[in-house]
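Here's the structure, in structure tokens; my notes come after.
The values are calculated or read from the model by the stated rules, or taken from the named source; none is laboratory data. Quick caveat, the model's predicted, so the values are computed rather than measured. Every residue, glycine as well, gets a Cβ built from its backbone with ideal geometry; the counts of neighbours run over all protein chains shown. Remember, those area values only see protein heavy atoms, side chains included, never the ligands or the DNA or RNA. Shrake-Rupley method; radii C 1.70, N 1.55, O 1.52, S 1.80 Å.
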Amino acid sequence: MYYPIDENTARLSHQMMSMSDYKEGSATAGYRAAVDEAAALVERQKQKVSPFYHEKLDALLDRYARRLAQWTNDYNRNGASCPSILVSGRANFPVRKKQKQNAREDSLWREYNEIKGILSKIKSVGTGPIDPADPHAREMLEDRLQRLQDTLDKGKAMNAHYRKHKTMKGFPGMADETAAEMDEAIKSAPAFAQTPFPDFELTSLRGKIKRTQENLAKLDGIEQHKDDAANTLEFDGGKIFLNMEANRLQILFDEIPDEETRSALKSHGFKWSRKNEAWQRQLTRNAVYDAKHILGITDTKRATDADEGDAAQDAAPPATPEEAPPPELPTAADGQALFPLA
């Protein structure tokens, strides 16, 4: 987890800035203390999130440790490049060299802020929407749904109790002291919110329940359609694959694509996955549309009358990005949106 710190450079940097003796190993100790703090943060975050995110947290910790070590060595190297005027004295002081050192230090502190930003990323891992690719997604969604439903039921029960008794005292499981505090808060609230659970809070809960139910239905659809033949489209030089389980659109080239294609992929949010040996991004309708547009794959307008036959369909003009927006996706019998490639 630790990366090496150059103690010789750290000692020289200290001597360039201070008249006091350098404490051997202090640079390494300071670096390791910072990494240990980040490691503790990662462990706390692991307790809060699905194991699906643990590998990502470990990768972020390794990136933080590596970049902080590099920064520490760079900072000390810069510090050793020119002495402080208090150490060297004013005679023949290298002013231009000092200016260059100060400019480099400003740059290093900006880089340090970027490294500290990795800690913020660690704190945010796993706190957003549940990734359908997470093998624990169903478990987490069902747990979230149950908690939301319990909160909604409790809110409705509290409202019914307050309407009947005009106080929260006597509500099952609620201490009189807590009930008195809630009664006071209700009385001081605006007229539209003078109830334990105002209508807007109940509406919000119902919306969250509905979205969670929809996400569970999407998981069912992903499982049902993950092996569909329509999930793969071959083109000259490779194929597009809709990886339903990973929730990623993947483009697999037979050979390394040219610079223009790679630039287009990057500009549209695709990233190279060394693990999957594919260019990929999150699976959405726009991802399908962008991939086909970048690769020059044009859709054809399907005949609206089945009796017109294949000839009418083949004669239909191609749809281009300028002529038409991404086509609406068909849905399966269960309402699950599909991502047809052809």
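Here are a few things to note about the model shown:
- Subset of the stretch 1-22 [among the aliphatic types (A, V, I, L, M), surrounded by fewer than 16 Cβ atoms within 10 Å (Cβ to Cβ) and more than 34 Å from the chain's Cα centre (by Cα)]: 17, 19
- Exactly one residue out of 77, 90 is of a type in the set (D, E, K, R) and outside any helix (DSSP H, G or I), and it is 90.
- Entry remark, the stretch 14-54: residues being within 17 Å of residue 80 (Cβ to Cβ), polar (S, T, N, Q) and assigned to a loop (DSSP other than H, G, I, E, B) number 2 in total.
- Restricting the first member to the stretch 178-202 and to residues that are aromatic (Phe, Trp, Tyr), and the second to residues that are not in a helix (DSSP H, G or I), the beta-carbon pairs closer than 7 Å and six or more apart or on different chains are 192/198.
- Answer residue from the stretch 156-175, given it is part of a helix (DSSP H, G or I) and within 43 Å of the chain's Cα centre (by Cα) and is nearest to residue 193 (Cα to Cα) among those: 159
- Only a single item in (1) open to solvent by 70 Å² or more (accessible area, probe 1.4 Å); (2) farther than 30 Å from residue 59 by Cβ is not met by residue 207, and it is number (1).
- Given (1) touching a Pro at 6+ places or on another chain (Cβ under 9 Å); (2) modelled with pLDDT of 90 or more; (3) open to solvent by 30 Å² or more (accessible area, probe 1.4 Å); (4) not β-branched (Val, Ile, Thr), number of the condition residue 69 does not satisfy: (3)
- Exactly one residue out of 104, 163, 144 is in contact with a helix residue (DSSP H, G or I) (Cβ under 6 Å, 6 or more places away or on another chain) and either over 30 Å from residue 243 (Cβ atoms) or at pLDDT 95 or above (or both), and it is 104.
- Complete set of residues in the stretch 28-52 that are of a type in the set (Lys, Arg) and open to solvent by 60 Å² or more (accessible area, probe 1.4 Å): 32, 44, 48
- Flag if residue 25 is surrounded by fewer than 17 Cβ atoms within 10 Å (Cβ to Cβ) and at positive phi: yes
- Hits in the stretch 155-201 - residues which are loosely packed, with under 15 Cβ neighbours inside 10 Å and of a type in the set (Lys, Arg): 156, 163, 164, 166, 187
- Tally of residues being open to solvent by 50 Å² or more (accessible area, probe 1.4 Å) and over 21 Å from residue 134 (Cβ atoms) across the stretch 254-273: 12
- Inclusion of residue 210 among residues that are of a type in the set (D, E, K, R), in contact (Cβ under 8 Å) with a residue 60 or more places away in the chain and within 30 Å of residue 244 (Cβ to Cβ) is not warranted.
- Considering residues of the stretch 277-300 that are within 18 Å of residue 245 (Cα to Cα) and assigned to a strand (DSSP E or B) only, the residue least open to solvent (accessible area, probe 1.4 Å): 278
- Subset of the stretch 117-145 [outside any helix (DSSP H, G or I) and open to solvent by 70 Å² or more (accessible area, probe 1.4 Å)]: 127, 129, 135
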